[in-house]
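Asker: Take this structure first; my questions come after.
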Amino acid sequence: MQKEDRRKQKRRKEENRVEIEAFSGKNHTSTTKQSYAFTKDISLNGLRLQSDVSFSVDSLLRMKLTLSKSRKTLVMRGRVKWVRAHHKDFYEIGVEFEQAMPAEYITLIGHLYGASEENSH
């Protein structure tokens, strides 16, 4: 039986470097972890990360993405929706974007839809 794909947008498979800050506390103001990861795919709604650090589901993340093709940098906030452990120190993490600034969102649209569709899924 095949899983239903609940994604709202098509995802583009690509690796982009990501610097991550995880926040905790009642107002999500204190940084608990800072780490680095790579995207496995990205869409307007979120991304899938590959990391050696795991985050709890529902964690709030501030992510600084360096888009590999254009070298543009985006700063996005997102919430961890799922985590899969593949090995002792290897995780895949699904993140849904939250509170994107209009300029960041426009840059992401240009990156995803201004490029060739041959790498899209």
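Laboratory data are not the source of any read-out in this text; all were calculated from the coordinates shown. Model, not experiment: these values are computed from the prediction. Positions of Cβ are generated from backbone atoms using ideal geometry, with glycine treated the same way; all protein chains shown enter the neighbour counts.
Asker: Which stretch or stretches of the stretch 69-95 have amide N atoms under 12 Å from the point lying 7 Å from residue 35's Cα along the Cα→Cβ direction?
Answerer: From the stretch 69-95, the list is 83-94.
Asker: I would also like to ask the following. Tell me, what is the Rg over Rh of the stretch 12-114, with Rh the Kirkwood radius over Cα pairs?
Answerer: Using only Cα positions, Rg/Rh for the stretch 12-114 is 0.95.
Asker: Under a point-charge model restricted to the Cβ atoms of Lys and Arg (+1) and Asp and Glu (-1), what is the dipole moment magnitude of the stretch 12-114 relative to its Cα centre, in debye to the nearest 20?
Answerer: Computed charge dipole of the stretch 12-114: roughly 120 debye.
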